[in-house]
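Read the figures in this text as sums done on the coordinates, not as results from a lab. Worth saying up front: this structure is predicted, and the values here are computed from it rather than measured. In this analysis, Cβ positions are derived from the backbone assuming ideal geometry, glycine residues included, and neighbour counts consider all displayed protein chains.
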Amino acid sequence: MIALIVIAGVSLALFAVMFVPLERAFPARAAQRPWRADSAVDLAFFAGQYLAWSTLALAALTAVRGQLDHVVPASWRHDVAALPLAAQVAIAIVAGDLLVYAWHRACHAVPLLWRFHAVHHTTTSLDWLAAHREHPLDGVTTQLVQNLPAMILALSLREVGALVVIRGAWGLFIHANLRLDVGWLRFVLGAPALHHHHHARDAAPANFANLAPWIDVVFGTYHRPTGPEAYPLGVPEPAPRGYLALLAWPFRRRAVDSGARRPIVEGPCATSSPPPISRLRPTSPSIGRSAWRRTAAPR
């Protein structure tokens, strides 16, 4: 436990040194301060991830990896192992990104999944610390989905460790209170403006591929917002504000029927009231906007 506390403390200090100066120099929302009203709650989520939920995620990954060892044919893994390591890692990353994209869309469309994913969207102010606001069950399942290809290929954490660290830091970057033009990298690794728009309370669903926006381009869910970030963030339904209350929120009855309730309209913003729970499907692969058709979802 002492080691975990030290790691958490050092990580928190490093992240603060990295992101706070950037957020002060290039803010997406200039009026937002480094310490917000909800920063204490997000700090609790940070501590929970490092001191408790990371152990749960590691246990789940280990258990799934053990089961896969009995399911995936050894001969197939032997053939994959004959490929260059760079090719194996590339396959695992691309396949993982595709699975996470599908899982993320499902989390916004399936009421049961939205119950837990909605916790991440309850923040009304985005910065690097708010990136840690995530229900542990949502975080663990996302980790399982993202790492499933690597586990199937029998890659070790050592072989993809550097990329895990880089992509983790980039995940904080896209949540940070930053307005930076990262050029072509916004199609490869994401950009704050893209993910901020994903958190907009009244925006048409878009930009599900947090760290691989090219997938949104392929599936017609890419939207590059323009202009200042003046839109509200959060979820339409009332949400608790405390750490323990947010952990318990998905299990309360009132959260059951709130899945994917952001307005489904054309364009980056909407003012209509939230529609019934729906399954979303893109009708056009156009880049720069998301055209959606709403169909009734099976219950």
- [ ] Sticking with the crude label model, points 7 Å out along Cα→Cβ, report the distance from Leu163 to Ala37 in nm, one decimal please.
- [x] 4.2
Open item on the list: Charges on Cβ only, +1 for Lys and Arg, -1 for Asp and Glu, centred on the Cα centroid of the stretch 2-296; of Ala82, His104, Leu180, which one is farthest towards the dipole's positive end?
Closed with: His104
Task: Peptide ranges 9-17, 34-42 listed from the most packed, as the mean C-beta count within 10 angstrom indicates - done: 34-42, 9-17
